[in-house]
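This report concerns only the one structure given below.
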Amino acid sequence: MTTTLRSRTHSWAPPTLPGDVAELSGLEFLQAMLDGVIAAPPIAGTMGFTLLKVEPGVAIFEGETGEHQYNPMGSVHGGYFATLLDSALGCAVMTMLPAGTAYTTTQLNVHMVRPAFAHTGLLRCEAKALHVGRTVATAEGRLVGSDDGKLYAHGTTTCAVFAMR
């Protein structure tokens, strides 16, 4: 059996560390990223997704599906769904954080309801913060086909909230 190899490359800017911009609120930080003032995190290029929109309590991402994301069963790996959801859910929480505050995911629940394939195209992940307290935050999100509107996955997160300093 002859196989034609394919390749995929990407580049990234050095990541901006939260301590470098500790004077910005989470929403200001993410808006600066959307405005191109702060570089997107390297994971975005690696995984092929983009932050599209932020507002208080909301983050929206979009990612392109491709065969480079396939699992052994010939569909997009569930880890791609989980990563898109984790990114959007965390950023929804981040939009509600004051300057000098950070978060980290402590629990991620993902429910995959249908497979995606290379031909599925763009997936849109919309997340909303449900609760953002001094030490704990929660959010929920949905991953839908940008073209077909079908639900591919949904999930929730719990995040630890802490001071950066």
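Please enumerate the residues belonging to the range 54-98 that are in a loop (DSSP other than H, G, I, E, B) and either in contact with a Cys (Cβ under 9 Å, 6 or more places away or on another chain) or open to solvent by 50 Å² or more (accessible area, probe 1.4 Å) (or both). Even if it seems obvious, please write down each step before you answer.
We begin by selecting, within the range 54-98, every residue in a loop (DSSP other than H, G, I, E, B); these are 56-57, 65-66, 71-75, 77, 95-98.
Within the range 54-98, Pro56, Pro72, Met73, His77, Met96, Pro98 meet the criteria.
Please go through the range 1-22 and give me each residue that is open to solvent by less than 70 Å² (accessible area, probe 1.4 Å) and basic (Lys, Arg), ordered by number.
Correct list: empty.
If I go through the range 123-165 residue by residue, how many of them are surrounded by fewer than 16 Cβ atoms within 10 Å (Cβ to Cβ), closer than 12 Å to Leu97 by Cβ and of a type in the set (Gly, Ala, Ser)?
3
Being in contact with a helix residue (DSSP H, G or I) (Cβ under 7 Å, 6 or more places away or on another chain) and modelled with pLDDT of 95 or more: is that true of Gly141 here?
yes
Name the pairs: first residue in the range 109-126 and part of a loop (DSSP other than H, G, I, E, B), second residue at pLDDT 95 or above, Cβ to Cβ under 6 Å, at least 6 apart or on different chains?
The qualifying pairs are Val113/Leu151; Arg114/Tyr152; Pro115/Ser75; Ala116/Thr65; Ala116/Val76; Ala116/Tyr152; Phe117/Ser75.
State all residues of the range 23-40 that are part of a helix (DSSP H, G or I) and either in contact (Cβ under 8 Å) with a residue 24 or more places away in the chain or open to solvent by less than 30 Å² (accessible area, probe 1.4 Å) (or both); if no residue qualifies, say none. Walk me through it before giving the result.
Taking the range 23-40 as the starting set, the residues that turn out to be part of a helix (DSSP H, G or I) are 26-34.
Once the filter is applied, which keeps residues that are part of a helix (DSSP H, G or I) and either in contact (Cβ under 8 Å) with a residue 24 or more places away in the chain or open to solvent by less than 30 Å² (accessible area, probe 1.4 Å) (or both), the range 23-40 yields Gly26, Leu27, Glu28, Phe29, Leu30, Ala32.
Filter the range 110-122 for residues that are among the small types (Gly, Ala, Ser) and closer than 30 Å to Pro56 by Cβ; which is surrounded by the fewest Cβ atoms within 10 Å (Cβ to Cβ)? Steps first, answer last, please.
Our first condition is that a residue be among the small types (Gly, Ala, Ser); within the range 110-122, this holds for 116, 118, 121.
With closer than 30 Å to Pro56 by Cβ added as a condition, the list becomes 116, 121.
Working: Ala116: 25, Gly121: 14.
Per the criteria, the residue is Gly121.
Considering only the range 41-53, how many residues are open to solvent by 20 Å² or more (accessible area, probe 1.4 Å) and touching a Leu at 6+ places or on another chain (Cβ under 7 Å)? Break it down into steps so the answer makes sense when it comes.
Quick first cut of the range 41-53, residues open to solvent by 20 Å² or more (accessible area, probe 1.4 Å) only: 41-43, 45-48, 50-53.
Filter once more, keeping what is touching a Leu at 6+ places or on another chain (Cβ under 7 Å): 51.
Of the residues in the range 41-53, 1 are open to solvent by 20 Å² or more (accessible area, probe 1.4 Å) and touching a Leu at 6+ places or on another chain (Cβ under 7 Å).
The values are calculated or read from the model by the stated rules, or taken from the named source; none is laboratory data. This structure is a prediction, so every number in the text was calculated from the model and none was measured. Heads up, the Cβs are rebuilt from the backbone with ideal geometry, glycines too, and the neighbour counts pull from every protein chain shown. Only protein heavy atoms, including side chains, enter the accessible area calculation; ligands, DNA and RNA are left aside. Shrake-Rupley method; radii C 1.70, N 1.55, O 1.52, S 1.80 Å.
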